[in-house]
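Taken together, the values in this text are just the output of simple stated rules run on the coordinates, not laboratory data. Bear in mind that the values here come from a model prediction, so they are computed numbers and not experimental data. Counting neighbours? That spans all protein chains shown, and the Cβs are built from the backbone with ideal geometry, glycine included.
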Ligand SMILES: CC(C)(COP(=O)(O)OP(=O)(O)OC[C@H]1O[C@@H](n2cnc3c(N)ncnc32)[C@H](O)[C@@H]1OP(=O)(O)O)[C@@H](O)C(=O)NCCC(=O)NCCS
């Protein structure tokens, strides 16, 4: 199921103490996509790669420490224009606000890029999207653009 997110009513970005939110730079791209494949799925790594190929690139990471360690990522315009996701936060870093910060970073970037609405595709955590971004289910959206996809 896909979900619709209005970008004109977004909550403000809340800073997370000790967490840096930013777009990755080129020397980090391979590390990042390997991390996504290792912690999530090869399919999500492919989507991250697509977002990293956009200019300006359409992916945010959350890191902490120096040297930086990855806590999570979120991207948009990966599988389809106007789609946000995938989003993933390291198991050990969940339920601390990192996911909300990453999602809102992407959604504010989409708003700044000129989008009015975002679509969260094939949502695996609908309550998270509803809570953070007031996302609402799109009727008839399953399997949507993912019909017949290689798995
Ligand atoms: C979904 C995910 C990104 C959330 O990241 P997170 O860092 O734990 O999220 P946050 O701590 O910022 O949560 C924000 C709010 O959503 C709630 N929330 C988080 N995950 C939730 C879930 N799976 N179901 C319902 N509510 C959830 C939190 O309790 C919090 O609410 P609060 O503000 O009232 O405390 C993370 O659980 C994850 O990576 N899951 C595996 C990958 C996945 O399913 N991604 C989504 C695919 S569409």
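Observations
- Residue within segment 5-26 that is free of Cβ contacts under 8 Å to residues at least 60 places away in the same chain and within 29 Å of residue 151 (Cβ to Cβ) present: yes
- Only a single criterion out of (1) surrounded by fewer than 16 Cβ atoms within 10 Å (Cβ to Cβ); (2) touching a helix residue (DSSP H, G or I) at 6+ places or on another chain (Cβ under 9 Å); (3) in a loop (DSSP other than H, G, I, E, B) is not satisfied by residue 38, namely (3).
- Condition check for residue 48: in contact (Cβ under 8 Å) with a residue 12 or more places away in the chain, closer than 25 Å to residue 149 by Cα, within 14 Å of the chain's Cα centre (by Cα) and away from the ligand (no atom under 12 Å from the Cβ): yes
- Residue in segment 51-71 that is part of a helix (DSSP H, G or I) and in contact with a helix residue (DSSP H, G or I) (Cβ under 8 Å, 6 or more places away or on another chain) present: yes
- Any hit, segment 80-95, residues being more than 9 Å from the ligand (Cβ to nearest atom), within 28 Å of residue 17 (Cβ to Cβ) and part of a helix (DSSP H, G or I): yes
- The set of residues from segment 98-132 being in contact (Cβ under 8 Å) with a residue 12 or more places away in the chain, assigned to a loop (DSSP other than H, G, I, E, B) and either more than 13 Å from the ligand (Cβ to nearest atom) or surrounded by fewer than 16 Cβ atoms within 10 Å (Cβ to Cβ) (or both) comprises 115, 116.
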